[in-house]
Amino acid sequence: MPCAICNGKAAIKYASDGRLLCKPCFFQTFEDAVLHTIEADSLFTPGQRVAIGVSGGKDSSVLTHVLFVLNERHSLGLDLHMVAIDEGIRGYRDDSLACVYRMQERYSLPLVVKSFKGLFGASLDDMDARRTTETPLCSECGVLRRNALLVGSREAQADIMALGHNADDAAEAVILNLMRADTARLGRGTKALTGGADIPRAKPMHRCTQRDIVMYAHLQRLDYFATECTYAPRALRNVPRAILGAAGGVIQGVPLKVMQVGEVLSRRLDTGTRPGLCERCGGMASGRVCQACLVVEAEGKRAREG
Amino acid sequence: MDPLGQEAMATVKVEYRAGLELDFGTRDATVPIEPGVTVLALAHSLKDKDGNTALIEGNIIRAGILVLINDCDIEIEDGVNTVVKAGDVVTFLSSIHGG
Ligand SMILES: [Zn+2]
Ligand SMILES: [Zn+2]
């Protein structure tokens, strides 16, 4: 089988469009797709300080590598920093943070680490121990992590955040919000750039499929820590993930198609209301106080009662 | 050791990556193969540390598991029906394990 670009020997099926590519052309195509998103959605401007949200997992490891490569190759003029969050999940975050420190060495980028314990007074394990129900804390954790990333990015004095969200994540969010009839947030995960708070959030890999990301990480021999969060088996995300997984074997490019539907529907359903800023922390909020501050308040109350 | 017996013992190197090393308790394994064995048959024979066929679900390779032979995507060849040869490096990658 010849490579669709250079006629050399094809080695990889590029999941985004199904083309068969040789290894060098696969790398180039993947990196160019990220560059295209950066340019088409005007994510960054030269001279900006970019805080990359890193977890030690494959998505953020690939994002860091690609941004580092593109910044050099195309003289993007970005001042890259890394921000990591320690949620305090034993047997999960310890190992992935070790990977973040190795990344810091490899790319020589400044790093800010923020912990739930330091910011909110309790680790995720502490919060889980106080729970009386089996419901996992994933949505609360997501809200707090988002807030912690904002605080860490402010500390890094970043102009913008870069996050490793991919097309599969966006498609999962679309399906999850459909099942919940959460029409207001239907297309939220599909945008490459979201503003609102003082530091906007950019997702340069939002059109990259999970398959291509895993392939890229492996073939580049990137160092990352691949394990499931200890709370993940209880997470609601597993439902859309299973649906997408089953469909992926039969239909080409499913995550991108679901994303597209999410984009169209959200445009049609857009009520024109824009989120304001939280009066406590300055983060994005649909009411007067943001979700993160509400979670912190509820957890604080639980801690005092427990 | 008789040389004939050794010659009949064809093996492949199996790599468990992207999270599968945790399920299998190892990153690399040397696995004996029968002549003409396919990727699917090989995947059936590989048991994780709990003795389960972790690469298989409903008689096919689990959704989200990618397979490469000598760093070449099996989708380029015959997919799960690609024949594995002695000395090949077969890599299983999980795209399901944490991002
Ligand atoms: Zn090529
Ligand atoms: Zn707030």
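Hey, could you get me the Stokes-Einstein D for the protein assembly as shown, Kirkwood radius over alpha-carbon pairs, 25 °C and 0.890 mPa s, rounded to whole µm² s⁻¹?
Numbers: Rh = 22.7 Å.
Answer, rounded: 108 µm²/s.
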**OP:** Would you kindly calculate the translational diffusion coefficient of the range B:11-94, applying Stokes-Einstein with the Kirkwood radius from alpha carbon pairs, for 25 °C and a viscosity of 0.890 mPa s, and quote it in µm² s⁻¹ without decimals?
**Re:** 196
Original post:
How large is Rg/Rh for the range A:37-276, to two decimals, with Cα atoms and a Kirkwood Rh?
Top reply: 0.94
**OP:** Calculate how many DSSP beta bridges within the range B:11-94 are antiparallel, expressed in % of all such bridges and rounded to the nearest 5.
**Re:** 75
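Which GluC sites (Glu not before Pro) in the range A:267-306 pass both tests, a DSSP loop state and at most 14 other beta-carbon atoms within 10 Å?
On the way: sites: A:Glu279, A:Glu297, A:Glu299, A:Glu305; in loops: A:Glu279.
Loop-located and lightly packed - A:Glu279.
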Subject >> Separation of the A:His74 and B:Thr30 label points, Cα + 7 Å toward Cβ, nm >> reply: 4.6
Subject >> Under Karplus coefficients 6.51, -1.76 and 1.60, residue-wise ³J(HN,Hα) of the range A:134-151 in Hz, glycine/proline x >> reply: 7, 4, x, 8, 4, 6, 5, 4, x, 5, 5, 5, 4, 5, 5, 5, 5, 4
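If you take all C-alpha pairs in the range A:55-166, what percent of them are over 21 Å apart? Show your work: numbers first, answer last.
Numbers: 2416 of 6216 pairs.
For the range A:55-166, the share of Cα pairs beyond 21 Å comes to 39 percent.
FYI, it's all coordinate maths here, none of it is from the lab. Just so we're clear, the structure is a prediction, and the values are computed from it rather than from any experiment. With ideal geometry, Cβ positions are generated from the backbone for all residues, glycine too; neighbour counts draw on all protein chains shown.
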